[in-house]
Amino acid sequence: MTSLQEDTIIRKLGPGERIPYDLLLLADPSIVAMSSYLSLAEIYVMEQDQQVIGTYVLLANDPDELEIKNIAVTPAYQGKGFGKILLQDAAQRARAKGFKRISIGTGNSSIAQLYLYQRQGFEITTVKKDYFMTHYQEPIYENGIQCKHLVMLVRKLN
């Protein structure tokens, strides 16, 4: 458990606890896509005054790389540094578990996320062309741009 302020913590979601789908759906609008990885992953929640305000999901891709499969902050708390704190917490946990890299994927239209991830030391490594066109039934639009391609970013952990 990571202590942030007296009233804010980040902790692993325990067995049987309610999965914060409302938040997870902010980052990935497909329950079908999420169901493919949630049972294999670790879910972390950020709580302030015992209310969940953020979450992220970690999944091991291989012995050297841990992926952030989903990360989200409640809209009322966005733009206040909580996403940065969640990314730092995920990297710290990955390092503590012995992983050499942490990765994250986002859409080509996710301008704020691409900015945040790169500011936190993630570098674009691959672009999966038309990923969202073939893996999602409904078109996704952000910032007036159609989300078509999956942009993968990786941060080395020292």
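The values are calculated or read from the model by the stated rules, or taken from the named source; none is laboratory data. Remember, predicted model here, so these are calculated numbers, not experimental data. Every residue, glycine among them, receives a Cβ derived from its backbone with ideal geometry; neighbour counts consider all protein chains shown.
Observations
- Checklist (1) under 23 Å from residue 19 (Cα atoms); (2) assigned to a helix (DSSP H, G or I); (3) among the hydroxyl-bearing types (Ser, Thr, Tyr) applied to residue 115, failing item: (1)
- Qualifying residue in segment 22-29 (condition: of a type in the set (A, V, I, L, M), under 11 Å from the mean Cα position of the chain (by Cα), part of a strand (DSSP E or B) and at pLDDT 95 or above): no
- All positions within segment 113-158 that are among the hydroxyl-bearing types (Ser, Thr, Tyr) and out of contact with any helix residue (DSSP H, G or I) (no Cβ under 9 Å at 6 or more places or on another chain): 115, 125, 126, 131, 134, 141
- Checking each residue in segment 53-76 for being surrounded by fewer than 16 Cβ atoms within 10 Å (Cβ to Cβ), not acidic (Asp, Glu) and not in a loop (DSSP other than H, G, I, E, B) picks out 60, 61, 75, 76.
- In the set 17, 67, only one residue is in contact with a strand residue (DSSP E or B) (Cβ under 6 Å, 6 or more places away or on another chain) and of a type in the set (D, E, K, R); that residue is 67.
- Some residue of segment 122-137 being within 25 Å of residue 31 (Cα to Cα) and within 13 Å of the chain's Cα centre (by Cα): no
- Count of segment 83-112 residues which are buried (at least 17 other Cβ atoms within 10 Å of the Cβ) and in a loop (DSSP other than H, G, I, E, B): 4
- Residue in segment 32-42 that is modelled with the lowest pLDDT, counting only those that are surrounded by 12 or more Cβ atoms within 10 Å (Cβ to Cβ) and not in a loop (DSSP other than H, G, I, E, B): 33
- Condition met for residue 81 (at pLDDT below 95, small (Gly, Ala, Ser) and at positive phi): yes
- Taking segment 128-158 as the range and being in a helix (DSSP H, G or I) and either among the hydroxyl-bearing types (Ser, Thr, Tyr) or exposed (fewer than 11 other Cβ atoms within 10 Å of the Cβ) (or both) as the test, the residues that pass are 131, 134.
- Residue check, residue 61 polar (S, T, N, Q), touching a strand residue (DSSP E or B) at 6+ places or on another chain (Cβ under 8 Å) and at pLDDT below 95: yes
- Search result, residues across segment 131-158 that are polar (S, T, N, Q) and either modelled with pLDDT of 95 or more or under 15 Å from residue 108 (Cα atoms) (or both): 134, 143, 146
- In segment 78-97, the residues that are within 14 Å of residue 117 (Cβ to Cβ) and of a type in the set (Ser, Thr, Tyr) form no Cβ pair under 9 Å with any partner that is at pLDDT 95 or above and not in a helix (DSSP H, G or I), whether six or more places apart or across chains.
- Single condition residue 10 does not satisfy, out of (1) in a strand (DSSP E or B); (2) surrounded by fewer than 19 Cβ atoms within 10 Å (Cβ to Cβ): (2)
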